[in-house]
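Read-outs throughout are calculated quantities, based only on the coordinates presented, and are distinct from any laboratory measurement. Note that the structure is predicted; figures quoted are calculated from it, not measured. We place every Cβ from the backbone using ideal geometry, glycine too, and count neighbours over all the protein chains shown.
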Amino acid sequence: MTQARKIPFRNAAYTVLATALLTACTPETPVLSASSPANQSPAGTRTSPPDAAPGTCWDKTETPAIIETVSERILIAPADISDDGIIRKPAQYKKEYRQRILQPRQENWYQIVCADTLTPDFVTTLQRALSVRGYYQGAPTGQLDTATRDAIAGYQTAQDLPGFELTIEAAERLGLVAVRRS
């Protein structure tokens, strides 16, 4: 009879433990409000570089660090060699591994067109500009849909521009915004 009481308690304890572990592994989702800055992505992770002008929007690409693992043989005990040159006990070594950074992680910031600029009229003009260059197929809709985003990505990749958001440089090359003075 005592075993019947322990089994339900043990199962309940396992259930509580499993729930606690699963809850601890769940990532927190950032909450955005109407007061969130314009230069943040929907995920709330986009910021701007420290020297960015107010009211500008930015994105970044991150290049991971390049790390090399080096192995070394380290002498623990030298060989025991007799006077006549016979090895009585070979040398003992151990292998050690260490890592070194060949190139550190890099953040590459680039300015993008702010979301409030992407009005239906602007997107229609963008679609026409991409269509003329062969990156967008179909009639201009004024909607920033998947086809438009794919066309932006294709154009920027071909122009060797970073990211998948419409960059200011791409908008300048397409004639959509005024060219900045150097």
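Given points 7 Å out from each Cα along the Cα-Cβ axis, report the A147 to A52 separation in nanometres with one decimal.
So the two model labels end up 3.1 nm from each other.
Using a Förster distance of 41 Å, how high is the FRET efficiency between A178 and R105, based on the Cβ-Cβ distance and rounded to 0.05? Present the calculation step by step, with values, prior to reporting the outcome.
Working: r = 34 Å, r/R0 = 0.84.
For R0 = 41 Å, the calculated efficiency reads 0.75.
In terms of the Cα gyration tensor, with a ≥ b ≥ c the square roots of its eigenvalues, is the stretch 35-182 rounded because a/c is under 1.5, prolate because a/b exceeds b/c, or oblate?
Note, shape of the stretch 35-182 comes out prolate.
At a Förster distance of 35 Å, what's the computed FRET efficiency of D116 paired with D160, Cβ-Cβ distance as r, to 0.05?
Here the calculated transfer efficiency is 0.80.
How big is the Kirkwood radius of the stretch 77-145, worked out from every pair of different alpha carbons and given in Å to one decimal?
On the way: mean 1/r = 0.0528 Å⁻¹.
This gives a value of 19.0 Å.
For E72 and T125 in the same chain, what is the full-extension length gain: residue separation times 0.36 nm, less their Cα-Cα distance, in nm?
Net length gain for the segment: 13.0 nm.
Using a basic spin-label model with each label point 7 Å from the Cα along Cα→Cβ, how many nm lie between D84 and V132?
9.5 nm
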